[in-house]
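Chemist: One structure, as structure tokens, below. Some questions next.
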Amino acid sequence: MVNLLEFDLEALTAFCERLGEKRFRAVQLFRWIHQRGCTSFDDMSDLAKSLRDKLKGVACVRAMDVVSQHESADGTIKWLFDVGGGNVIESVFIPEDDRGTLCLSTQAGCAMGCRFCSTGHQGFSRNLTTGEIIGQLWFAEHFLRKHLKRDERVISNTVMMGMGEPLQNYAALVPALKMMLDDHAYGLSRRRVTVSTSGLVKKLELLGQDCPVALAVSLHAPNNALRDYLVPLNIKHPLEELMPACVNYLAHAPRDFITFEYCMLDGVNDSDAQAHELVQLVKHYGHSVSWCKFNLIPFNPFPASGLHRSKPERVLAFAKVLSEAGITTTVRKTRGDDIDAACGQLAGDVVDRTRVTIRIARQRSAELNAGLATDAKI
Ligand code: SAH
Ligand code: SF4
């Protein structure tokens, strides 16, 4: 059985042609799947019965099993999905007044080994497929419409900031991004789809050509010595390569800036001197400082890291140095803390929790997947 969640519109069109069907059938099918969340070919009423019968024999529409769902007091919802082989991945929905953001995973685990990231400590299991990446959005969007009793779109923004390094899974990522942007599917604006990367320079260049979306780069340090330590990928692609790649991306980017993420670590990268060094770094590579923004992320601690969160007043002082130099700087609000859904906590004791919940969850996941049940608290 072919899972049709794996196909962007181009691939679905080719698939329909192989079945001897006209190209426009692919658009109809694509809309049923992604816009309406339909999993049953019998329900796709404007498709000829002969096509529906053909599809039933060879294809299915199926997202991953939901292992658990947790809803935070602030409305944040976190799902844990079973991707087989003992691997679980997470997605987080973050509601705000003017938007709904889904944070997606692109890999099970991550090979980059950043010191401050629990996914990095967990190591790499495997790349997700296109269907597993888009399946997170497919599931969340259609579940939330029912859960929140809304007819219109709930998720307006996506960020690839869950588990994994998106650009290391480039071949599966790009079709998934195209589906997010496709008007026949989710129709998200390029400005509202953000790829976050630790700095795979060559793939960054390709992304600008293949599918330019908003870009966030995980910087975390103002110089190579510290960045080598915090983000080991820097040894391969140092700032002399990364910074020009970021500036060049602006030629394609849907926004006129890129965002630098900077995880605030007590006594490691949070001094005023380091903030001034960052300002110099930004000035060195751009004509002005307006080509980038900074998003300071309070570190979410986990025991194995041996690192600590910067004090709030330190974060503010650091932000002040950047702001006074003319750099737009925000401090990320931490959401979903009570359900371990905050950045870098996604992998936190996933394995233990999975063992406890997997048995009950298996029963519920069939319901969630098929009926998109509304009372899904496990
Ligand atoms: N691999 C990509 C995207 C996933 S990580 C990347 O590194 O950009 C998404 C963001 O969460 C990154 O900016 C990362 O630095 C940040 N992050 C990871 N662990 C964190 C932690 N423990 N506390 C706060 N932010 C963290
Ligand atoms: Fe991977 Fe991003 Fe975590 Fe680094 S911060 S280990 S690149 S998920």
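Chemist: Across the stretch 189-218, what is the total count of residues that are outside any helix (DSSP H, G or I) and in contact with an Asp or Glu (Cβ under 9 Å, 6 or more places away or on another chain)?
Modeler: Going through the stretch 189-218 one residue at a time, the tally reaches 8.
Chemist: Does LEU242 satisfy the criteria of being buried (at least 22 other Cβ atoms within 10 Å of the Cβ), assigned by TED's automatic domain parsing to the domain that holds PHE81 and within 12 Å of ligand 2 (Cβ to nearest atom)?
Modeler: When the stated conditions are applied, LEU242 does not pass them.
Chemist: Hey, does the stretch 100-121 have a residue that's away from ligand 1 (no atom under 16 Å from the Cβ), within 14 Å of the chain's Cα centre (by Cα) and surrounded by 23 or more Cβ atoms within 10 Å (Cβ to Cβ)?
Modeler: The answer is no, given that none of the residues of the stretch 100-121 is away from ligand 1 (no atom under 16 Å from the Cβ), within 14 Å of the chain's Cα centre (by Cα) and surrounded by 23 or more Cβ atoms within 10 Å (Cβ to Cβ).
Chemist: Would you confirm whether any residue within the stretch 185-196 is in contact (Cβ under 8 Å) with a residue 24 or more places away in the chain, within 16 Å of ligand 1 (Cβ to nearest atom) and polar (S, T, N, Q)?
Modeler: Yes - at least one qualifying residue is present in the stretch 185-196.
Chemist: Would you say ILE133 is in contact (Cβ under 8 Å) with a residue 12 or more places away in the chain, buried (at least 18 other Cβ atoms within 10 Å of the Cβ) and within 16 Å of ligand 2 (Cβ to nearest atom)?
Modeler: Taking the combined requirement at face value, the residue satisfies it.
Chemist: Okay, next question. If we only count helices (runs of 4 or more DSSP H) wholly inside the stretch 83-187, which ones have 3 or more residues that are assigned by TED's automatic domain parsing to the domain that holds GLY336 and over 22 Å from ALA214 (Cα atoms)?
Modeler: Passing ranges, in order: 118-122, 130-147.
Chemist: Right, something else. Within the stretch 141-149, is even one residue surrounded by fewer than 23 Cβ atoms within 10 Å (Cβ to Cβ) and under 20 Å from VAL195 (Cβ atoms)? Explain how you work it out, then say what you get.
Modeler: First pass over the stretch 141-149, keeping only residues surrounded by fewer than 23 Cβ atoms within 10 Å (Cβ to Cβ): 141-142, 144-149.
Those still in the list that are under 20 Å from VAL195 (Cβ atoms) too: 141.
Yes, because at least one residue in the stretch 141-149 is surrounded by fewer than 23 Cβ atoms within 10 Å (Cβ to Cβ) and under 20 Å from VAL195 (Cβ atoms).
Chemist: Say whether the condition of being of a type in the set (Phe, Trp, Tyr) and within 17 Å of GLU261 (Cβ to Cβ) is met by at least one residue in the stretch 85-99.
Modeler: No; the residues of the stretch 85-99 include none that is of a type in the set (Phe, Trp, Tyr) and within 17 Å of GLU261 (Cβ to Cβ).
Chemist: Could you tell me which of the residues ALA304, ALA245, ALA225 is of a type in the set (Gly, Ala, Ser) and within 13 Å of ligand 1 (Cβ to nearest atom)?
Modeler: Working: ALA245 fails: within 13 Å of ligand 1 (Cβ to nearest atom); ALA225 fails: within 13 Å of ligand 1 (Cβ to nearest atom).
Criteria check complete, one pass: ALA304.
Chemist: OK, next. Inside the stretch 1-33, can you point out the residues that are among the acidic types (Asp, Glu) and outside any loop (DSSP other than H, G, I, E, B)? Talk me through it step by step, then tell me what you get.
Modeler: Within the stretch 1-33, the subset among the acidic types (Asp, Glu) is 6, 8, 10, 17, 21.
GLU6, GLU10, GLU17 - these are the residues of the stretch 1-33 that are among the acidic types (Asp, Glu) and outside any loop (DSSP other than H, G, I, E, B).
Chemist: Okay, next question. Pull out all pairs, ordered by first then second residue, where Cβ-Cβ is under 6 Å, the residues are six or more apart or on different chains, the first lies in the stretch 165-181 and is modelled with pLDDT of 95 or more, and the second is among the aromatic types (Phe, Trp, Tyr) and more than 16 Å from ligand 1 (Cβ to nearest atom).
Modeler: As it stands, the answer is MET180/TYR186, since those pairs meet every condition given.
Chemist: Suppose we filter the stretch 100-120 for residues that are farther than 18 Å from VAL83 by Cβ and within 8 Å of ligand 2 (Cβ to nearest atom); how many remain?
Modeler: To start, the set of residues in the stretch 100-120 that are farther than 18 Å from VAL83 by Cβ comprises 100-101, 112-117, 120.
Filter once more, keeping what is within 8 Å of ligand 2 (Cβ to nearest atom): 112-114, 116-117, 120.
So the answer is 6.
Chemist: Kindly establish whether HIS284 is in contact (Cβ under 8 Å) with a residue 40 or more places away in the chain, away from ligand 2 (no atom under 16 Å from the Cβ), more than 22 Å from CYS117 (Cα to Cα) and out of contact with any helix residue (DSSP H, G or I) (no Cβ under 7 Å at 6 or more places or on another chain).
Modeler: On the way: in contact (Cβ under 8 Å) with a residue 40 or more places away in the chain: yes; away from ligand 2 (no atom under 16 Å from the Cβ): yes; more than 22 Å from CYS117 (Cα to Cα): yes; out of contact with any helix residue (DSSP H, G or I) (no Cβ under 7 Å at 6 or more places or on another chain): yes.
Yes; evaluated as a whole, the condition is true for this residue.
The values are calculated or read from the model by the stated rules, or taken from the named source; none is laboratory data. Just so it is clear, the model here is predicted, and its values are computed rather than measured. Here the Cβ is made from the backbone with ideal geometry for all residues, glycine too, and neighbour counts use every protein chain on show.
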